[in-house]
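Report on the structure given below.
Only the coordinates and a few stated rules stand behind these numbers; no lab work does. This one's a predicted model, so the numbers in the text were calculated from it and none came from an experiment. Every residue, glycine among them, receives a Cβ derived from its backbone with ideal geometry; neighbour counts consider all protein chains shown.
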Amino acid sequence: MTRRIVGSIDQDQAREVLLKHIPEGKTVYTVLRRFNKRSGVRIIDLVTIEHTELRSWGRATSALLQVPYDYDRDGIVTGGWGMDFGCDLVMRLAEALYNKPYVLTHRWI
């Protein structure tokens, strides 16, 4: 598995793109790409629906939050036990963009 931190864009570019496409009140959907039962490592992608199309924001979110991104499985690498990591990612994204953790809605698909 290939894990690289950040993507081809920096934090400022990521913030600009995400602010443009994910306004306050938007629903951000999380997709579980992979789960390892032994280690608890999850690969999660963040997507929105725009004009009946899914748009992936995992790479930009990875760059903004400075968290590992798995390019082979197209998702953010998280790990651990005992919490909803998709909800945590969306709250961290909202906090990074708007300084308010509850301005984005989270749903799993």
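Just a few scattered comments:
- For a straight C-alpha distance cut-off of 27 angstrom, the lysines reachable from residue 100 (same-chain residues fewer than eight places away being disregarded) are 20, 26.
- Computed from Cα positions, the angle between helix 11-21 and the longest principal axis of the chain comes to roughly 60 degrees.
- Restricting the chain to trypsin sites (Lys or Arg not before Pro) that sit in a DSSP loop and have at most 15 other Cβ atoms within 10 Å of their own Cβ leaves 26, 37, 38.
- Pair residue 100, residue 20: separation of 7 Å Cα→Cβ label points (nm): 2.4
- Largest GNM mean-square fluctuation among 49, 76, 22, using the chain with Cα springs under 10 Å: 49.
- Under 22 Å of direct C-alpha separation, and excluding same-chain neighbours fewer than eight residues apart, residue 37 reaches no lysines at all.
- Principal-axis analysis of the Cα atoms of the chain puts helix 85-98 at an angle of about 30° to the longest axis.
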